[in-house]
Amino acid sequence: MTTHGYAEDALLDNISTPWLSLSSQDERSPSELADATVSAEVKAPPFEVNISYAIYSDYVFRGINLSEYRGEGREKLNHQADLSLTADVASLFGEAEGTLGSFTFGTWFEWYAAQKRLDPVSGGQNLQEIDYYLSWSFDIEQIDSTLTLGYTFYTIANAKTDNTSEWWFSIEHNDAWMWRGLWPENEDGVLNPSFAFYQDVDRGAGNAIWMEFGLNHEFQVAENVTITPSWILAIDHDYYHHFAGDPNKNTTRLAYMQWGLDVTYDLKDALKLPDGWGGMSVSGFLYFNDALGSAEDNHIIQDEFFGGISLAWSF
C-alpha cells in the first residue's frame, strides 16, 4: 500500500521552519510560510496498483477442478496473475478520502502448460482464461462493515462459447464488538464473518446463483509474519446445473466446506524498499475442499486438496 512518508517529512520540515526562524534568519512573511506549508501537503495520487503472481497445484473454481485431466499423475503447475487499479472516489473530486468509497478495475489471467491434454479438441492455447472485473467498495461505519458491489466478465480462450459474466456483492463485518467482554480494548475483528452472492446473467440466464459464508482470523506470529486460517461454506443454486452438467434443476444445496491456511511474509523491511515503492509480500497457502451432499454423491465435484505460493506488490 502506498505510504506517504516523503510528504510527511516535507511537511514536518516546513512546519518546523517558523520555529527555527526565531533564532535563524528566515525572512519569509507569514503568508509565504503558509503557502510553503500548503505546498508541502501535496497528497500522493489517489490510486493504488496491485500486482500478484501465483503458482497453484490445481485451478479449483467453486469446487470444480479445471486443471486436472484423467491420468495426470504428478501435478502440472497452474499459473495465475492479477493486475488491478484502485482509486479513492472522493479524492478524485477533491473531497475527504474514504467518504465515497473506492473503485477498482482489474484483470486476471490463468495459464496451464498441459492445456492440450486437458482439452484435446480445442485446447490450442495454454492461456486458458482471462477475466475482467469492476467493483466499488464502501465502508459502512455504523455497522463496522465493508460493502462491495462488482461485475466480472469471464473469457475462455479456447472455448469462446463458454464466456459468461456475473454481478455480485459481498459484505465483510468487523465483529470486535461481539467480544468486548473478553477483549475490551480490541478493535480488530476476531472471526471476521463475510457473505458473498454471485448471479450469472449470461450462460446462467440469471438462474445460476452461488453464495459463500466465510470466517477468518489473522495471527501476527512474528515480525512481518502472519498466519491466517479460514473457513468457507459454499452454497449452490443451479450453478452446477448450468456449468457442471448436473441434470438436476431448481436445486439449492450445500456444495462444500473449504478449510484454508495462509502464511504471509512482508518483504518490505527485508528488501529495504523505499517508502515510495509500496509494499511487497510472499505467501504460501493450502486449501482443502470437503464436498458435501448430492454434489459429491452425483460426482459433480469431489474432495480437493490444493495449494500454492504467490508474490504480491502494491504501490
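The values are calculated or read from the model by the stated rules, or taken from the named source; none is laboratory data. As the structure is a computational prediction, the values presented were derived from the model and not from experiment. Using ideal geometry, Cβ is built from the backbone for each residue, glycine included, and neighbour counts are taken over all protein chains shown.
Quick notes on this structure:
- In the range 100-128, the residues that are assigned to a strand (DSSP E or B) and not polar (S, T, N, Q): F103, F105, G106, W108, F109, E110, W111, Y112, L127
- Condition check for D88: on the phi < 0 side of the Ramachandran plot, in contact with a Gly (Cβ under 7 Å, 6 or more places away or on another chain) and at pLDDT 90 or above: yes
- Members of the range 180-235 that are charged (D, E, K, R) and part of a strand (DSSP E or B): D200, E212
- Applying the criterion of being without any contact (Cβ under 8 Å) to a residue 24 or more places away in the chain and over 19 Å from D266 (Cβ atoms) to the residues of the range 206-229, the residue that is surrounded by the fewest Cβ atoms within 10 Å (Cβ to Cβ) is G206.
Yes/no per residue for (1) under 24 Å from Q199 (Cα atoms); (2) among the aromatic types (F, W, Y):
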| position | (1), (2) |
| --- | --- |
| L83 | yes, no |
| F109 | yes, yes |
| A114 | no, no |
| Q128 | yes, no |
| D139 | yes, no |
| Q142 | no, no |
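- Counted residues, the range 242-288 - those being out of contact with any Gly (no Cβ under 6 Å at 6 or more places or on another chain), within 22 Å of F213 (Cβ to Cβ), in a strand (DSSP E or B) and not hydroxyl-bearing (S, T, Y): 7
- Boolean, D131 is part of a loop (DSSP other than H, G, I, E, B) and within 17 Å of Y239 (Cβ to Cβ): no
So that you can scan it fast, the table gives a plain yes or no per residue for (1) buried (at least 16 other Cβ atoms within 10 Å of the Cβ); (2) at pLDDT 95 or above; (3) not acidic (D, E):
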residue	(1), (2), (3)
E32	no, no, no
V49	no, yes, yes
A54	yes, yes, yes
R62	yes, yes, yes
L66	yes, no, yes
G94	no, no, yes
L118	yes, no, yes
